[in-house]
Amino acid sequence: MSINKVAVIGAGTMGSGIAGQVANAGIEVWLLDLPGDDNANALAERGLERLRDPNQPGLISKEAESFIHLGNTRDDFDQLADCDWVAEAVVERLDIKKDLYQRLDAVCHANAIITSNTSTIPIRLLVEDMPGPFRQRFAITHFFNPVRFMRLLELVRGEDTDDAVIELLADFCEQQLGKGVVRCLDTPGFLGNRVGVFAIQCALQAAFELGLNPLEADAIFGRPMGIPKTGVFGLYDLIGIDLMSDVVQSLVNILPESDPFHAEAARIPLMTQMIANGQTGNKQGQGFYRDAESGREVLNLESSEYQDAPRLNLPIADKAEQQGVKHLLHDDSLYSQFAWRVLSRTLSYAASLIPEVGDDPVGIDDAMKLGYNWIKGPFELIDEIGADAFIAKLEADGLPIPEFLAEAAGSSFYRVENSELQARRHGDTWQKIERPAGVIRFNEKRQTLQPRNSCAVASWFDLDGIALVEFHSKANALDADSMAILDDALNQVEAEGLRGLIVHNDAQHFSCGVNLQAVRNFFLQEDMDGLDKFLRDFQNTVHRMQTASFPVVAAPVGLSIGGGFEVVLHARQVICHANSVTGLVESLVGVVPGGGGCKETLYRWIELLQCGDDISDACWKAFMNLGYGKTATSPIIAKRQAMLRPHDRFVINRDRILGEAIKAIDDASGQVPFERPTLSMPGRPLFEEMVKWLEDSRDQGVFMPHDVNVGSEMARIVTGGDIEPGTVWQEQDFYDAERRSFLTLVATAATRERINSMLDAGAPVRN
């Protein structure tokens, strides 16, 4: 059996998200909800509108929308007759779900799989009134919101669920929907929410107990712990304080009284009052944070008044973010106390769940990394701290030592044995970590390898005869050392006859661009020659990628912007994730792309538009892309914006990107050479036309004065500037023009002000 047609019942946030991801996979899906009074499909239409949200689009392209059919459970229920999978995502009421299952059993074909998205109701209760054949093809598929972007799917079987059903769902959701499937026992809250909500509540309660304000708590319970920068208060605002409170209460209702979760779930009077006042987070424009005319404000937890939210400078947080979570525990400061309060309870809680929820740490760690975007799972964090050190600190505080944690004393939860990554199992045994065929997570593979060359910001590895370059600085920002590692890898591939080169990492984002602090250091020292050399070396390195005699593949995930995207632009082929965000955003900080980005943007628009001798239209397209700092939120959009070439591909499951990149190295048919011919440049007339457009836009209040300066340099590069029309330029002329314009802008006070503002305040100033 295969899954060729899907239905989702319930068009709320989760249901519409599930339907959207099915459509993203190019599979027909019906989205049904209750009939409306005036418009029978009103609720389903509202679900589709959610998917169209430009701030967080649930669809990777407009084309995906064509796979979605809208309907209601009164008029369109018969459409389910030939659906292979029906996913229920209705309100969390057992009676409503049971009534729906009776209807589904009557209309669906005999092999149709039925699943629920519930995370609060046990399977045995859901299907207790259903016949045996229905129970055999029933499971829980618990997605995480937003469905397009969150990688975790918790797959839960019932006592009667057929093995074939579980295997089909696992394969389909992993390969077609791009999910990391974690198989869970039918325990309360499964894995992700059981541990994730516990951690959030620990951080919340600890902040109130210790008197930390939201800014301080989020600065620690964020990137320093390997957790998204939203932190705890920011996450409450993002999800909705009222909704998050409901999630907490649902776990309170289903967890046994002995569970430590209850101690972290105590109601906080301030939050009860905030919900009553409508201060429920981002959806209402105010929660623990809000945006005001003067800038971002934060709620004073004592006075309940909003005040300015300055950017904090916490050395302990910076050190932990750079060097690991254990650096949060080195002193007795209030911030260390907060970190230990959260880590001690959260990590111990995770350990206490073994063997209740599973026999090894892999499921819990996967759930937290895939469902909550943690960089490391709880057991990986214990290994980083050191099991013995963690146990000793717990004992010093008089805290209990869970059995599974005690088993790791003198050892760890993960190890490399015979070049295999193994995980400890309950009962003091070890087992190799197995992933589905084609799934390669480099953060796991890396542990079995030694880098051929490495520095603080980048490394390259020999991956079975393929050079793999990994950037691993903060936000994977690029500097001279990053490019030196890439250059060395190119040298060695050529010298040793390796199969090819892949640029990839398994971080949240590929690269945010060139390290602005390094740029600032150059202009603070007035070392324009040094900056010119850095740009020249950057250009030379990416040009070598473009012209290499061997396959070169870029395999980015997350953000690839600025200089990071310039690296991607020069790969012979790109294998990226379906949710990759790409773009050249340098104009925001007052500079131009200086690593071949302007050049590539123009050439690609020429190719896309199939320009003849007159490249003016392509120049305008490139000018707009660069000047506005346009980004593409999916590879499909990136191709329309000439950011990716036709032969570049995307993969819906990011865990399969590296495997596909390796295939692309071995199958050179996807390696399309770059054709960068000499161009007859439009020169002065078009350049002056673009500058006039910029000045007119400034006079109309659209642009700021320095936007005109930056845009003029963009125009100068893509047109040739103040030259005679028909002047012939070669590829090197573009590289040279980019460097000149970059250096010209960095020499201005306005650009330096933008860079300083970005580094010091987190956003560029408008000037």
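Name every residue in the stretch 35-51 that is surrounded by fewer than 16 Cβ atoms within 10 Å (Cβ to Cβ) and either of a type in the set (S, T, N, Q) or modelled with pLDDT under 95 (or both), in order of residue number. Result: G36, D37, D38, N39. Within the stretch 337-346, being of a type in the set (S, T, N, Q) and farther than 18 Å from I391 by Cβ holds for one residue alone: Q337. Being acidic (D, E) and outside any helix (DSSP H, G or I) is the filter here, so list the residues in the stretch 714-737 that pass it. Correct list: D722, E724. With respect to the stated conditions, I113 is within 30 Å of P188 (Cβ to Cβ), touching a Phe, Trp or Tyr at 6+ places or on another chain (Cβ under 6 Å) and crowded, with 18+ Cβ neighbours inside 10 Å. Of the residues screened, M690 is not one that is in contact with a Gly (Cβ under 8 Å, 6 or more places away or on another chain), assigned by TED's automatic domain parsing to the domain that holds L531 and touching a residue at least 12 places away in the same chain (Cβ under 8 Å).
Look at T13 and say whether it is at pLDDT below 95, out of contact with any Gly (no Cβ under 8 Å at 6 or more places or on another chain), surrounded by 14 or more Cβ atoms within 10 Å (Cβ to Cβ) and in the same structural domain as N145 (by TED's automatic domain parsing). Before you say what the answer is, go through the steps one by one.
Values: at pLDDT below 95: yes; out of contact with any Gly (no Cβ under 8 Å at 6 or more places or on another chain): yes; surrounded by 14 or more Cβ atoms within 10 Å (Cβ to Cβ): yes; in the same structural domain as N145 (by TED's automatic domain parsing): yes.
For T13, the condition - at pLDDT below 95, out of contact with any Gly (no Cβ under 8 Å at 6 or more places or on another chain), surrounded by 14 or more Cβ atoms within 10 Å (Cβ to Cβ) and in the same structural domain as N145 (by TED's automatic domain parsing) - is met.
Taking the stretch 639-655 on its own, how many of its residues are outside any loop (DSSP other than H, G, I, E, B) and without any contact (Cβ under 8 Å) to a residue 40 or more places away in the chain?
Initially, the stretch 639-655 is screened for residues outside any loop (DSSP other than H, G, I, E, B), giving 639-640, 649-651, 654-655.
Still in the list and also without any contact (Cβ under 8 Å) to a residue 40 or more places away in the chain: 639-640.
Counting residues in the stretch 639-655 that are outside any loop (DSSP other than H, G, I, E, B) and without any contact (Cβ under 8 Å) to a residue 40 or more places away in the chain gives 2.
For the stretch 590-626, the set of residues classified as over 27 Å from T547 (Cβ atoms) and surrounded by fewer than 24 Cβ atoms within 10 Å (Cβ to Cβ) consists of D614, S616, D617, W620, M624, listed by residue number.
Let's see how each residue does on (1) surrounded by 15 or more Cβ atoms within 10 Å (Cβ to Cβ); (2) at negative phi; (3) touching a helix residue (DSSP H, G or I) at 6+ places or on another chain (Cβ under 8 Å); (4) without any contact (Cβ under 8 Å) to a residue 40 or more places away in the chain:
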site	(1), (2), (3), (4)
A25	yes, yes, yes, no
W30	yes, yes, yes, no
D53	no, yes, no, yes
W85	yes, yes, yes, no
L100	yes, yes, no, no
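Pairing each residue of the stretch 438-456 that is within 15 Å of N476 (Cβ to Cβ) with any residue that is among the charged types (D, E, K, R), provided the two are 6+ apart or on different chains, yields C-beta distances under 6 Å for F442/D506; N443/D506; C455/D481.
Pick out, from the stretch 1-76, the strands (runs of 3 or more DSSP E) lying fully within it that include 1 or more residues that are touching a Lys or Arg at 6+ places or on another chain (Cβ under 9 Å) and of a type in the set (V, I, T). Explain how you work it out, then say what you get.
Numbers: elements: 5-9, 28-33, 68-72.
In the stretch 1-76, the matching strands (runs of 3 or more DSSP E) lie at 28-33.
Within the bounds of the stretch 348-361, is there any residue that is part of a helix (DSSP H, G or I), of a type in the set (F, W, Y), closer than 21 Å to L329 by Cα and not assigned by TED's automatic domain parsing to the domain that holds E174? So far as the stretch 348-361 goes, yes, one or more of its residues are part of a helix (DSSP H, G or I), of a type in the set (F, W, Y), closer than 21 Å to L329 by Cα and not assigned by TED's automatic domain parsing to the domain that holds E174. Count of the stretch 488-526 residues, restricted to those that are among the acidic types (D, E) and under 30 Å from K376 (Cα atoms), is 2.
If you go through the stretch 738-762 and keep only what is within 19 Å of G627 (Cβ to Cβ) and either outside any helix (DSSP H, G or I) or β-branched (V, I, T) (or both), you end up with T744, V746, T748, T751, I755.
Are there strands (runs of 3 or more DSSP E) fully within the stretch 546-637 with at least 2 residues that are within 30 Å of L498 (Cα to Cα) and among the hydrophobic types (A, V, I, L, M, F, W, C)? List them.
Details: elements: 552-555, 559-561, 573-577, 581-583.
Passing ranges, in order: 552-555, 559-561, 573-577.
Scanning the stretch 146-170 for residues that are in contact (Cβ under 8 Å) with a residue 40 or more places away in the chain and within 13 Å of M1 (Cβ to Cβ) yields A164, V165, L168, L169. If I ask for residues that are part of a loop (DSSP other than H, G, I, E, B) and either under 20 Å from A367 (Cβ atoms) or small (G, A, S) (or both), which ones from the stretch 190-223 would you list? Selection gives F190, L191, G211, F221, G222.
I'd like to know if the stretch 162-181 contains one or more residues that are more than 30 Å from the chain's Cα centre (by Cα) and under 28 Å from V197 (Cα atoms). No; the residues of the stretch 162-181 include none that is more than 30 Å from the chain's Cα centre (by Cα) and under 28 Å from V197 (Cα atoms). Here V746 fits the description: among the hydrophobic types (A, V, I, L, M, F, W, C) and closer than 19 Å to G597 by Cα.
Residues are listed down the side, and each one gets a yes or a no for (1) buried (at least 18 other Cβ atoms within 10 Å of the Cβ); (2) acidic (D, E); (3) over 30 Å from G12 (Cα atoms); (4) modelled with pLDDT under 95:
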| residue | (1), (2), (3), (4) |
| --- | --- |
| D218 | yes, yes, no, no |
| P260 | no, no, yes, no |
| A292 | no, no, yes, yes |
| G295 | no, no, yes, yes |
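Residues are listed down the side, and each one gets a yes or a no for (1) surrounded by fewer than 18 Cβ atoms within 10 Å (Cβ to Cβ); (2) in contact (Cβ under 8 Å) with a residue 40 or more places away in the chain:
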| position | (1), (2) |
| --- | --- |
| G192 | no, yes |
| F198 | no, yes |
| P214 | no, yes |
| G231 | no, no |
| A266 | yes, yes |
| G287 | no, yes |
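The set of residues in the stretch 745-767 that are closer than 18 Å to G563 by Cβ, polar (S, T, N, Q) and surrounded by fewer than 17 Cβ atoms within 10 Å (Cβ to Cβ) is empty. Among residues of the stretch 162-189 being crowded, with 22+ Cβ neighbours inside 10 Å and part of a loop (DSSP other than H, G, I, E, B), the one that is modelled with the lowest pLDDT is G189.
Residues that are buried (at least 22 other Cβ atoms within 10 Å of the Cβ), over 25 Å from the mean Cα position of the chain (by Cα) and touching a residue at least 12 places away in the same chain (Cβ under 8 Å): does the stretch 299-319 have at least one? Scanning the stretch 299-319 turns up at least one residue that is buried (at least 22 other Cβ atoms within 10 Å of the Cβ), over 25 Å from the mean Cα position of the chain (by Cα) and touching a residue at least 12 places away in the same chain (Cβ under 8 Å).
The values are calculated or read from the model by the stated rules, or taken from the named source; none is laboratory data. In this text the structure is predicted, and so the values were computed from the model without any measurement. Positions of Cβ are generated from backbone atoms using ideal geometry, with glycine treated the same way; all protein chains shown enter the neighbour counts.
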